[in-house]
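One structure, as structure tokens, below. Some questions next.
The values are calculated or read from the model by the stated rules, or taken from the named source; none is laboratory data. These figures come from a predicted structure and were not determined experimentally. We place every Cβ from the backbone using ideal geometry, glycine too, and count neighbours over all the protein chains shown.
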Amino acid sequence: MRGVVGLSVWGHGERAITHLIAPDRSKPDVHRARGILALLGTRRFLPLCIAQACGALNDNLVRNALVVLALFKAGAAGPVLVALAAGLFVFPYILFSATAGQLADSNDKSRLIWFLKWAELALMSVAALGFLLDSVPILLLVLVGLGVQASFFGPLKYGILPDHLHPDELLAGNGLIEATTFVAILAGTMAGGWIVLHQNGALTIASVGLGFAILGLLAAFPIPPALPRGEIKRVDWRILHATVGVVREALDDRAIWSPILGISWFWTLGATLVAEFPVVAKVTLGAEGEVVSLFLTMFSLGIGAGSLLCAVMLRNEASPRLAVAALLGISLFTWDFAVTCSNATGLMSVSAVVASPLGWRILLNLFLLAACGGFYSVPLYAEIQRRARPDWRARMVAANNVLNAAFMVAGAVIAAGLAAAGATAPHILMLTALVNLLAVLGAWLWLRPVPEVD
């Protein structure tokens, strides 16, 4: 039971909303949604998609608003606070993902999602106070809380999809989740930085954050139940022990470990690229801050387009066969982006970028390398869901999150070391493109079909 409060709040509203969307998976096959647009009209997918998108938007709204406040109001300590903010949000993924996976495998996932959306609303209420008081310490505390909340939400978000979707819908479902996530990240990032510096920005951003938290909570109510399957194991609350155990379990199963390794590499590439975009714009091109927003917009739209087109091109068959080609595309377009930026001059504003052939070449490279990332990553998420045992699925998603975070941190440390040694942002991107070619060989050897497990 979700409790008396949940029942009283939902009441007739659930019947009103579910009347507008398709029945859940328990209904006859005539209601099955095989296409992307049809899937968006189902109760078993649309509420989850909205709930997770609201969470991603709020995470990045608070984080980027905090970054801007730190840079403009914390003086010399600003850059330190920016780095601290990034670490505070990512570190909980390493710390709590394993426990989150065990919790998800042992309980009704829809109930846990509902609980976490209440937690998000509470955190955004504290964030509103932090913005109104212009308090960086309060916002840092909220950022830690949002990182913990997100680390528990991740295994639920991907673990619940196979419970509610048919096998031939997994690729479309994962593509929609990834596309909406990146669009939400983009929207939250841009809104957070833009709103907070305007007049009454604190009040506006507090209202926006609370509004999306409420929307996400309302969306979570109609998510159909997803009860635990198989043997229910006790949750190990020893955080380090649980983390090591979950990663070891994934390592012992090549069918799971291969896509996890591939996704972790994708997030390493993505984190490195996104971190270098502002440096390329500001230092290499000498451009305004709006150019950074333009770069991030093209990158996010590319990820979304690649994620959705992947489901169409593969015809909902969860197969990693395009991984090698996608990785080659990432290297090719990253290299050309870096070289073009190195040779470009006069692209200091958005208008200058869109008026120049070199500017369009830069934007096209960004869009295409991101689209290749969508093509590469979406089938791998579907592979984890398809290959994992139902009673261990959320744990395997948790192992993926742990490795993703660890790889991202390692990539950030290496990039920072190269920058400290004097490497320019284009040089770091070129090196990333070259190293990625080694991953092509790894994909060729590792991302081959593995026989289905009964």
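Hey, does the range 243-266 have a residue that's under 30 Å from Val354 (Cβ atoms) and modelled with pLDDT under 85?
No, every residue in the range 243-266 fails to be under 30 Å from Val354 (Cβ atoms) and modelled with pLDDT under 85.
Something else now. I'd like the residue in the range 359-378 that is at pLDDT 90 or above and touching a Ser or Thr at 6+ places or on another chain (Cβ under 8 Å) and, out of all such residues, is surrounded by the fewest Cβ atoms within 10 Å (Cβ to Cβ).
Filtering first and then ranking leaves Arg361.
Asp168: closer than 28 Å to Leu37 by Cβ, assigned to a helix (DSSP H, G or I) and over 22 Å from the mean Cα position of the chain (by Cα), yes or no? Walk me through how you get there before you give the answer.
Working: closer than 28 Å to Leu37 by Cβ: yes; assigned to a helix (DSSP H, G or I): yes; over 22 Å from the mean Cα position of the chain (by Cα): yes.
It is true that Asp168 is closer than 28 Å to Leu37 by Cβ, assigned to a helix (DSSP H, G or I) and over 22 Å from the mean Cα position of the chain (by Cα).
Being part of a loop (DSSP other than H, G, I, E, B) and in contact (Cβ under 8 Å) with a residue 12 or more places away in the chain is the filter; apply it to the range 348-366 and report the residue that is farthest from the chain's Cα centre (by Cα).
In this case the residue turns out to be Ser356.
If you scan the range 329-351, which residues turn out to be of a type in the set (A, V, I, L, M) and modelled with pLDDT of 90 or more?
Ile330, Leu332, Ala338, Val339
For the range 379-414: of the residues being among the β-branched types (Val, Ile, Thr) and farther than 22 Å from Val246 by Cα, which is modelled with the lowest pLDDT?
The extreme case among them is Val413.
Which residues, counting only those in the range 425-440, are touching a residue at least 24 places away in the same chain (Cβ under 8 Å) and either among the aliphatic types (A, V, I, L, M) or more than 18 Å from Phe333 (Cα to Cα) (or both)?
Ala425, Ile428, Leu429, Met430, Ala433, Leu434, Leu437, Ala439, Val440
Take residues that are surrounded by 24 or more Cβ atoms within 10 Å (Cβ to Cβ), assigned by TED's automatic domain parsing to the domain that holds Ala213 and at pLDDT below 90 and tell me which of the helices (runs of 4 or more DSSP H) falling wholly in the range 11-126 contain 2 or more. Break it down into steps so the answer makes sense when it comes.
Details: elements: 36-39, 46-73, 78-105.
In the range 11-126, 46-73, 78-105 are the helices (runs of 4 or more DSSP H) which contain 2 or more residues that are surrounded by 24 or more Cβ atoms within 10 Å (Cβ to Cβ), assigned by TED's automatic domain parsing to the domain that holds Ala213 and at pLDDT below 90.
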